[in-house]
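The values are calculated or read from the model by the stated rules, or taken from the named source; none is laboratory data. All of these numbers come straight from a predicted model, not from anything done at the bench. Heads up, the Cβs are rebuilt from the backbone with ideal geometry, glycines too, and the neighbour counts pull from every protein chain shown.
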Protein chains: 2
Amino acid sequence: MQLGMDSNLESAMQMLIKTFHKYSGKEGDKYTLSRGELKELLLEELGTYLGSSKDNEAVEKVMNDLDANNDGEVDFTEFIILMGALTVACNDFFLEYKTDDKPKDECQSAEKKD
Amino acid sequence: MQLGMDSNLESAMQMLIKTFHKYSGKEGDKYTLSRGELKELLLEELGTYLGSSKDNEAVEKVMNDLDANNDGEVDFTEFIILMGALTVACNDFFLEYKTDDKPKDECQSAEKKD
């Protein structure tokens, strides 16, 4: 079924899965992110979005919001909910920005042509 | 902020946004998918996942599930919920499969090395 001819959406899904497991496999339960693994993922993979606050409150807030049951682990579904919320926020930012017609420095590649 | 050095997660978010707007802009409201636009997106971008049922019931089911209020439009948030559910399903499939240790023909690139 068209192996090697993945669409952008299929590539996006694969990137989300690959990135989660790249960090979740480092310590403890291989299929969940510990607080340490989540922090590493956020800092290394989402630094652009977390921006200047990346060293402190943004990371702490995400960790506390996701780890609602305080077991110190984030599973794949919780990770996808976070990524979905971030993507919706990024899209909103992108749409608001288009009405201003000025360059922006985050979510920018969304405007690039294929 | 590291323009041109997007991580996999940042690229995935951008692909989701770009793909949605590629289809949503074709007719009617530029920021929502009509039933026709959604069908085109599903067939062209998710054919691998819809598989052999792509011509019929899978597309109809997704359209009916997403268009809960029957206005014939799917907004970006609803699209992201669909993509999140698909990604979680793909991850579950991937994890179950690993225990079987056989090759699989969908979600496969998730196993490729960087």
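Being surrounded by fewer than 14 Cβ atoms within 10 Å (Cβ to Cβ) and either within 12 Å of another protein chain (Cβ to nearest Cβ) or modelled with pLDDT under 85 (or both) is the requirement here; does A:K30 meet it? Yes: the conditions hold for A:K30. The listed residues are A:L38, A:L43, A:L3, and the only one of them that is exposed (fewer than 13 other Cβ atoms within 10 Å of the Cβ) and either modelled with pLDDT under 95 or touching a Gly at 6+ places or on another chain (Cβ under 8 Å) (or both) turns out to be A:L3. Residue pairs whose Cβ atoms lie under 7 Å apart, sitting 6 or more positions apart in sequence or on different chains, and linking a residue in the stretch A:73-89 that is acidic (D, E) to a partner that is crowded, with 22+ Cβ neighbours inside 10 Å and not in a helix (DSSP H, G or I), are A:E73/A:L33.
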